[in-house]
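The values are calculated or read from the model by the stated rules, or taken from the named source; none is laboratory data. None of these values were measured; they are calculated from a predicted model. Note that we place each Cβ from the backbone using ideal geometry, even for glycine, and neighbour counts take in every protein chain shown. Side chains included, ligands, DNA and RNA excluded: accessible areas come from the protein's heavy atoms. Shrake-Rupley method; radii C 1.70, N 1.55, O 1.52, S 1.80 Å.
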There are 4 protein chains.
Amino acid sequence: MAGNTFGQAFRITTFGESHGRALGVTIDGCPAGLPIDEDFIQAELARRRPGQSKIVTQRKEADRVDILSGIFEGHSTGTPIAMVIFNADARSKDYSHIADKFRPSHADFTYQQKYGRRDYRGGGRSSARETAARVAAGAIAKLLLRRAGLSIAAYVSQVGELALNTPPTALDLSQVEATPVRCPDPQMAERMIELIQRVRKAGDTIGGVVSAVVKHCPVGLGDPVFDKLHADLAKAMLSINACKGFEYGSGFAGVAMRGSEHNDLFYDADGQVKTRSNHSGGIQGGIANGMDIYFRCAFKPVATIVAGQESVNEVGEKVEVTGKGRHDPCVVPRAVPIVEAMTALVLADHLLRQRMVQMA
Amino acid sequence: MAGNTFGQAFRITTFGESHGRALGVTIDGCPAGLPIDEDFIQAELARRRPGQSKIVTQRKEADRVDILSGIFEGHSTGTPIAMVIFNADARSKDYSHIADKFRPSHADFTYQQKYGRRDYRGGGRSSARETAARVAAGAIAKLLLRRAGLSIAAYVSQVGELALNTPPTALDLSQVEATPVRCPDPQMAERMIELIQRVRKAGDTIGGVVSAVVKHCPVGLGDPVFDKLHADLAKAMLSINACKGFEYGSGFAGVAMRGSEHNDLFYDADGQVKTRSNHSGGIQGGIANGMDIYFRCAFKPVATIVAGQESVNEVGEKVEVTGKGRHDPCVVPRAVPIVEAMTALVLADHLLRQRMVQMA
Amino acid sequence: MAGNTFGQAFRITTFGESHGRALGVTIDGCPAGLPIDEDFIQAELARRRPGQSKIVTQRKEADRVDILSGIFEGHSTGTPIAMVIFNADARSKDYSHIADKFRPSHADFTYQQKYGRRDYRGGGRSSARETAARVAAGAIAKLLLRRAGLSIAAYVSQVGELALNTPPTALDLSQVEATPVRCPDPQMAERMIELIQRVRKAGDTIGGVVSAVVKHCPVGLGDPVFDKLHADLAKAMLSINACKGFEYGSGFAGVAMRGSEHNDLFYDADGQVKTRSNHSGGIQGGIANGMDIYFRCAFKPVATIVAGQESVNEVGEKVEVTGKGRHDPCVVPRAVPIVEAMTALVLADHLLRQRMVQMA
Amino acid sequence: MAGNTFGQAFRITTFGESHGRALGVTIDGCPAGLPIDEDFIQAELARRRPGQSKIVTQRKEADRVDILSGIFEGHSTGTPIAMVIFNADARSKDYSHIADKFRPSHADFTYQQKYGRRDYRGGGRSSARETAARVAAGAIAKLLLRRAGLSIAAYVSQVGELALNTPPTALDLSQVEATPVRCPDPQMAERMIELIQRVRKAGDTIGGVVSAVVKHCPVGLGDPVFDKLHADLAKAMLSINACKGFEYGSGFAGVAMRGSEHNDLFYDADGQVKTRSNHSGGIQGGIANGMDIYFRCAFKPVATIVAGQESVNEVGEKVEVTGKGRHDPCVVPRAVPIVEAMTALVLADHLLRQRMVQMA
């Protein structure tokens, strides 16, 4: 009810503020007997971590995860898995200069209005730092999905006006991690990096698009009506800070197509039903059809910029807000592991739910 | 868990197949004391009904709603409101010609794989006829929202390549119902209607975009983290048949903007905090900030077309599937009331949830 | 949130008022492929129906169930199963004499206070008539459980001071339906019937106990911590009108035992682990251990009696309330199928949930 | 779905094993603006803590709570409150002697069967140590309820065959904490203490009953049908380790009463509707009527005893299990704060839910 829980069968609840004692997550519903590779969880967190490259924020956060429960002798036990990331120097900084000011296009104003109070330090609960907890939980979801043969890959397909138009099937997704911008096309990656650096030098920020592909999704995942697989993915993606749009398969471009060109014709490929095209993006009627699932997520430019901006404070007085330098000029490189984590959480949930739809 | 329930505080569960005995919905959580205008519910259903104009399907369905419970002496009582729409001539038709065939880009194949069986008549549970139940429930949500001063208006902003680029604030939304295509710009409406008729004559179908605007949303609605107001809207919209994408505020176009131009500066307007621009689309950090909420939904071309299409049947044999003439050439005119209904359901849910976030 | 939904994986939502248009239930989560025997559903309803014998209320209600969705060609399809029981002569009676009076030990006062209004006809939503919907849903749960080999039997073990002390293992449960009081011991049944008739002639009512036994429950059902199998059973039973207490296994009597006599010692019975005694009532740590599950439910005397009783009306004035003759003198004979239905709903839910607890 | 979450509006999820790194709980849904008294939380934990008196287990556990999130400047912020209790010497002990043995009437066997593996150290997740997390969460629920004027008091009303028959209204509940057994009647307390000491010396254990009273519960709390206030209380109590039965109001004794004596007659007490008797236990139709709520919970004798007991191991071989000395001879003195905590969680949940049932 209060919005901090995601999923039904594989269910997570995150907690924690940017500058409180700790962030964390509990996973309820992870099946017993899953081997848990703690190094993998830590590696996923490293992909999201600030300070990992020149084009992301230079803040230093170790993001070391402590597993408090649910694992015994290297395997999940079926009981809740709680993971905590302590905030190293939570109390050290001075936030009094923004304590009563509403930063433009941040959540300061709306939190204050909603709750009548807020932890203003570093955005509190509205900070993207909360997504570290999702990445930790998503890592465990990925371990679960791997056992079922699914793979998830996200990548940056646009930064500002620089758009990579190559379809995902034509990309070498093993190259995503080869550059700090996480675009698998080396030339485009270089141009994107250069653009981000230019924007950063100008004290400004810029948006981007993260694309994702799921391969080997079992036919049948997803529920009809409200919990369509793509509807749950849409919610998952839009729940990520700064995400403004979601489209799957043909998406907004499909609007201009005729049914006769958009329809994906079925054929039999050696005993397996496939479709000749994949405008459906691997999902029909909300249910995976076995083809690649692909979708795209729009991210707005980060709201924190260097230049002073007009705003108001809690009593409605006109004030100026100035950004500090250590923020991301562009969010999408670090959004890639978050998009993957949320995708993994949706799929793990539906993978378990699928066990219940037919008579044994 | 099985995907037929939507909402938490204002919660609906729909049921029914396209050609079964009946469709219906139960609403659990409607507060007691809401005056229920049954004519309004029926009027909303009429906006979704087939056969209402020349540019939609010519099927005849009365869609008369029976309220079975939860209303006494013209008011909601706080108990579940069950509404049923009986299917007039459920058993009359012959569907044996498609009983074992998978229609391209429909849900026939995925349902069969998921459940091992399916009601193949008219698409069964995957039919867009299910949305009639949502419209009935959405009508009651609208009655609730009206009391709180909110208004919701959706309209067609694109059909095929014909895109209306006027921002919602510059449109006369009272003109939405003036044309059967539900585009508030009369010239564009005419062109859209002509395009749809041309596509229909060609036995083909075409996609479109539905835009929506929410006015007077109380500041504070929406939850941080997973149940962000726009995340719940995204899920709601993507759960509508044929919807392929969602964007709010600046959406995908915002990607190419700089933070310095995208940020919405706060100012005090006679004691009320407003923003000078509204790229945020009325939602910041997942929570309504009091500005207009606006978003757009992409709909693919309807999958049923007249021309024969290659496909396979349940045993993998190659077959041809032919559409019947009485389907929508373009889904967006009838999608408008459905988008509104789903919007109303999301907002009613968050309106009630908002009652619990602060100490009394 | 509003209390009309029960279960998680096998989830029901009931609706309807005693004297409204209809009662009903939707089941969401019934697996596809379950053969549905409609006669069995109707037979279960007949066991709950008023007017079935001399010792229950003589009201005539047909309780014919209409299945509106979710069944195709005799099998469940995995989509919601909606069932409706129309109220034959809903509007015929005059309830104005109790419209503003609070009947003692009924829910009139609390409903009025909670909601500010209520459907006062026959108790509205608080009427035990709502349990007809549970029995219909429970019948489908029973069909599901049968396939898994479980059996459920409830019976009357006490009426007023007449208590049957024979342990369930020593009873011939095939005799439950042999007498209208549903006590499997013929002598005790006769005495109970006589007592109920005596109480009815005095215009009074009397309480009783329903006991239940579940056989062949798979080891492992039930969740640790909050959703312990017996905790869910307790909630299920206490949610039945007039139920005041629940105990399982040794129950309240176990309080006086020593650990050394109460502990159930494990032994190996031809490769199957069993316990020598069964004070645990088949459940340890909230999880079924494979032994018989047994529990008892206390029901208070029905609140409606013939004699006039002091009360107040909606404006606090002193009034007298008089009961009409057609109410149950003792609720337990008709509570037997309701206890069974609620038991079946709990077990069906946990049976499905159990599919998700281990890696495949 | 996996049973570690309780409540809907005020929702907790507990995690942690007896001998893992830590136990803990997240509360989602605590309204913003509640002053949080950390000393009170710690004091409540001290009431549950082992080693607090001569008649409970002599294990030493500090049970110091760390609040990780959700509190800022001494008040709840509306975001999740995470609390952790680290296990001091988690890894120090040797449990290999019971690693593969099933202790009689513990959850060893059922956990192993359910999950295929288990953390066997000190019972793992099935340990009553988990209830420390509930007491911490319950303390915050109590702080919330106090603001609304409600008070909760539990006490020991029976140990073995020693039953206190004084009705709760005639007891001085301020004396509950005066003795280590938490029975408010000093003479009975002395006899109970003596009995427990005798049982302990014999290496045995004994059961008991905890009674509870809620005063000043607002009229209207509780939902009709499934989430009746007493049904939620029943589930809450039965979810406590070793609890075998629940009854409220007249309970099992009410079975033998006639309706004419059981009915609680309404009267007007200076503008407030009250009942002359209170067999309803303060709840009618599942909804609080403003009178005292009272109920009783049966607890079985603790399963761990000193004498050797016959059992089997994981491969079905006959083994002997011997208890260690440091376990509770009787669980009810330490169950008192747990019963109160669970009561507070149920009431806090319904207090918030009640905000949504009427039009504003």
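Which residue, of D:Asp63, D:Asp37, is modelled with pLDDT under 95 and more than 13 Å from A:Gly16 (Cα to Cα)?
On the way: D:Asp37 fails: modelled with pLDDT under 95.
Selected residue: D:Asp63, the only one of D:Asp63, D:Asp37 that is modelled with pLDDT under 95 and more than 13 Å from A:Gly16 (Cα to Cα).
Could you please find all residues in the stretch A:239-252 being free of Cβ contacts under 8 Å to residues at least 24 places away in the same chain and more than 12 Å from B:Cys243 (Cα to Cα)? Show your work before the answer.
Taking the stretch A:239-252 first, the residues free of Cβ contacts under 8 Å to residues at least 24 places away in the same chain are A:252.
None - no residue of the stretch A:239-252 is free of Cβ contacts under 8 Å to residues at least 24 places away in the same chain and more than 12 Å from B:Cys243 (Cα to Cα), so the list stays empty.
Residue-wise test of (1) at pLDDT 95 or above; (2) aromatic (Phe, Trp, Tyr).
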| residue | (1), (2) |
| --- | --- |
| C:Tyr248 | yes, yes |
| C:Asp268 | yes, no |
| C:Asp292 | yes, no |
| C:Phe299 | yes, yes |
| C:Ser311 | yes, no |
| C:Thr322 | no, no |
| C:Arg326 | no, no |
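Could you check the stretch A:277-289 and list, in sequence order, the residues that are surrounded by fewer than 24 Cβ atoms within 10 Å (Cβ to Cβ) and facing chain B (nearest Cβ under 8 Å)? Spell out the reasoning first.
Step one: filter the stretch A:277-289 for residues surrounded by fewer than 24 Cβ atoms within 10 Å (Cβ to Cβ), giving A:277-279.
Once the filter is applied, which keeps residues that are surrounded by fewer than 24 Cβ atoms within 10 Å (Cβ to Cβ) and facing chain B (nearest Cβ under 8 Å), the stretch A:277-289 yields only A:His279.
Please list, ordered by first then second residue, the pairs with beta carbon atoms under 8 Å, 6 or more apart or interchain, first in the stretch A:16-28 and over 19 Å from A:Met342 (Cβ atoms), second modelled with pLDDT under 95 and of a type in the set (A, V, I, L, M).
These pairs meet every condition: A:His19/A:Ala90; A:Gly20/A:Ala90; A:Arg21/A:Ala90.
Among the residues that make up the stretch A:190-197, is at least one of them within 28 Å of B:Phe6 (Cβ to Cβ), touching a strand residue (DSSP E or B) at 6+ places or on another chain (Cβ under 7 Å) and more than 8 Å from chain B (Cβ to nearest Cβ)? First the steps, then the outcome.
First, pick out the residues of the stretch A:190-197 that are within 28 Å of B:Phe6 (Cβ to Cβ): none.
Checked against the condition, which is being within 28 Å of B:Phe6 (Cβ to Cβ), touching a strand residue (DSSP E or B) at 6+ places or on another chain (Cβ under 7 Å) and more than 8 Å from chain B (Cβ to nearest Cβ), the stretch A:190-197 yields no hits at all.
Results for (1) closer than 25 Å to B:Phe295 by Cβ; (2) of a type outside the set (D, E, K, R), shown as yes or no for each residue.
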| residue | (1), (2) |
| --- | --- |
| A:Met257 | yes, yes |
| A:Leu265 | no, yes |
| A:Lys274 | no, no |
| A:Gly281 | yes, yes |
| A:Ala288 | no, yes |
| A:Asp292 | no, no |
| A:Ala298 | yes, yes |
| A:Val302 | yes, yes |
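Is it the case that the stretch A:178-189 has a residue that's touching a Pro at 6+ places or on another chain (Cβ under 9 Å), at pLDDT 95 or above, in a loop (DSSP other than H, G, I, E, B) and hydroxyl-bearing (Ser, Thr, Tyr)?
For the stretch A:178-189, residues touching a Pro at 6+ places or on another chain (Cβ under 9 Å), at pLDDT 95 or above, in a loop (DSSP other than H, G, I, E, B) and hydroxyl-bearing (Ser, Thr, Tyr): present.
Looking only at the stretch D:28-52, how many residues end up being surrounded by 17 or more Cβ atoms within 10 Å (Cβ to Cβ) and either over 17 Å from the mean Cα position of the chain (by Cα) or aliphatic (A, V, I, L, M) (or both)? Full working, then the answer.
Pass one, the stretch D:28-52, residues surrounded by 17 or more Cβ atoms within 10 Å (Cβ to Cβ): D:28-34, D:36, D:41, D:44-45, D:47-50.
Filter again for either over 17 Å from the mean Cα position of the chain (by Cα) or aliphatic (A, V, I, L, M) (or both), leaving D:28-34, D:36, D:41, D:45.
Count: 10.
Please determine, by comparing only the residues of the stretch D:24-76 that are within 9 Å of chain A (Cβ to nearest Cβ) and out of contact with any strand residue (DSSP E or B) (no Cβ under 9 Å at 6 or more places or on another chain), which one is farthest from D:Phe10 (Cα to Cα).
It comes out as D:Glu73.
Hey, can you tell me all the residues within the stretch A:230-276 that are more than 7 Å from every other protein chain (Cβ to nearest Cβ) and not charged (D, E, K, R)?
Matches in the stretch A:230-276: A:Leu233, A:Ala236, A:Met237, A:Ile240, A:Asn241, A:Ala242, A:Cys243, A:Ala253, A:Ala269, A:Gln272, A:Thr275.
Could you tell me which residue of the stretch A:260-276 is surrounded by the most Cβ atoms within 10 Å (Cβ to Cβ), considering only residues that are farther than 18 Å from B:Lys101 by Cβ and acidic (Asp, Glu)?
Checking each candidate, the answer is A:Glu261.
With respect to D:Leu221, determine if the residue is facing another protein chain (nearest Cβ under 10 Å), open to solvent by less than 10 Å² (accessible area, probe 1.4 Å) and either out of contact with any strand residue (DSSP E or B) (no Cβ under 9 Å at 6 or more places or on another chain) or within 28 Å of D:Glu161 (Cα to Cα) (or both).
Working: facing another protein chain (nearest Cβ under 10 Å): yes; open to solvent by less than 10 Å² (accessible area, probe 1.4 Å): yes; either out of contact with any strand residue (DSSP E or B) (no Cβ under 9 Å at 6 or more places or on another chain) or within 28 Å of D:Glu161 (Cα to Cα) (or both): no.
Judged against the criteria, D:Leu221 is not a match.
Quick one: in the stretch C:211-252, of everything that is charged (D, E, K, R) and assigned to a helix (DSSP H, G or I), which residue is farthest from C:Ala154 (Cα to Cα)? Before the answer, list the steps.
First pass over the stretch C:211-252, keeping only residues charged (D, E, K, R): C:215, C:223, C:227-228, C:232, C:235, C:244, C:247.
Adding the requirement that they be assigned to a helix (DSSP H, G or I) leaves C:227, C:232, C:235.
On the way: C:Asp227: 22, C:Asp232: 17, C:Lys235: 17 Å.
Among them, the one singled out is C:Asp227.
Hey, can you tell me all the residues within the stretch C:66-116 that are at pLDDT 95 or above and aliphatic (A, V, I, L, M)?
Within the stretch C:66-116, C:Ile67, C:Leu68, C:Ile71, C:Ile81, C:Ala82, C:Met83, C:Val84, C:Ile85, C:Ala107 qualify.
Would you be able to tell me the number of residues in the stretch C:107-119 that are in a loop (DSSP other than H, G, I, E, B) and more than 7 Å from chain D (Cβ to nearest Cβ)? Break it down stepwise before answering.
To start, the set of residues in the stretch C:107-119 that are in a loop (DSSP other than H, G, I, E, B) comprises C:107, C:116-119.
Then keep just the ones that are more than 7 Å from chain D (Cβ to nearest Cβ); that gives C:117-119.
Residues that pass the stated criteria total 3.
Could you please give the count of residues in the stretch C:339-360 that are away from chain A (no Cβ under 14 Å) and in contact with a Lys or Arg (Cβ under 6 Å, 6 or more places away or on another chain)? Talk me through it step by step, then tell me what you get.
Looking only at the stretch C:339-360, we keep the residues that are away from chain A (no Cβ under 14 Å), and these are C:339-347.
Okay, now just the ones that are also in contact with a Lys or Arg (Cβ under 6 Å, 6 or more places away or on another chain), so C:341, C:344.
So the count comes out to 2.
Looking at (1) more than 14 Å from chain A (Cβ to nearest Cβ); (2) more than 17 Å from the chain's Cα centre (by Cα); (3) buried (at least 19 other Cβ atoms within 10 Å of the Cβ); (4) in a loop (DSSP other than H, G, I, E, B), find the lone condition where B:Ile85 falls short.
Here B:Ile85 meets the rest and fails (4).
Step by step: first the residues of the stretch D:120-176, then only those that are within 14 Å of chain A (Cβ to nearest Cβ) and not in a helix (DSSP H, G or I), then the one that is nearest to A:Gly78 (Cα to Cα). Which residue is that?
D:Tyr120
Give me the pairs, please: first residue somewhere in the stretch B:294-319 and under 17 Å from B:Gln112 (Cα atoms) and at the interface with chain A (Cβ under 7 Å from one of its Cβ atoms), second residue anywhere and open to solvent by 20 Å² or more (accessible area, probe 1.4 Å) and of a type in the set (Val, Ile, Thr), beta-carbon distance under 9 Å, and either six or more positions apart or on two chains.
B:Ser311/B:Val319; B:Val312/A:Val273; B:Val312/B:Val319; B:Gly316/A:Val273
Residues that are of a type outside the set (A, V, I, L, M, F, W, C): find the strands (runs of 3 or more DSSP E) completely inside the stretch A:255-360 holding 3 or more of those.
A:272-275, A:309-312
Exactly one of (1) open to solvent by less than 10 Å² (accessible area, probe 1.4 Å); (2) part of a loop (DSSP other than H, G, I, E, B); (3) closer than 21 Å to D:Met237 by Cβ is unmet by D:Pro104. Its number?
So D:Pro104 meets the others, but not (3).
I'd like the full set of residues that are in contact with a strand residue (DSSP E or B) (Cβ under 6 Å, 6 or more places away or on another chain) and either more than 9 Å from chain C (Cβ to nearest Cβ) or open to solvent by 10 Å² or more (accessible area, probe 1.4 Å) (or both), limited to the stretch D:1-11.
Our first condition is that a residue be in contact with a strand residue (DSSP E or B) (Cβ under 6 Å, 6 or more places away or on another chain); within the stretch D:1-11, this holds for D:2, D:4-6, D:11.
Matches in the stretch D:1-11: D:Ala2, D:Thr5, D:Phe6, D:Arg11.
How many residues are open to solvent by 10 Å² or more (accessible area, probe 1.4 Å) and more than 30 Å from B:Ala2 (Cα to Cα) when one looks only at the stretch A:322-358?
9
Within the stretch B:196-214, track down each residue that is touching a residue at least 40 places away in the same chain (Cβ under 8 Å) and either open to solvent by 80 Å² or more (accessible area, probe 1.4 Å) or farther than 18 Å from B:Arg296 by Cβ (or both). Even if it seems obvious, please write down each step before you answer.
Of the residues in the stretch B:196-214, the ones touching a residue at least 40 places away in the same chain (Cβ under 8 Å) are B:196-197, B:199-200, B:203-214.
Within the stretch B:196-214, B:Ile196, B:Gln197, B:Val199, B:Arg200, B:Gly203, B:Asp204, B:Thr205 meet the criteria.
To keep it simple, each residue is scored yes or no on (1) outside any strand (DSSP E or B); (2) not polar (S, T, N, Q).
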| site | (1), (2) |
| --- | --- |
| C:Thr13 | no, no |
| C:Ser18 | yes, no |
| C:Gly24 | no, yes |
| C:Ile41 | yes, yes |
| C:Ser53 | yes, no |
| C:Ala62 | yes, yes |
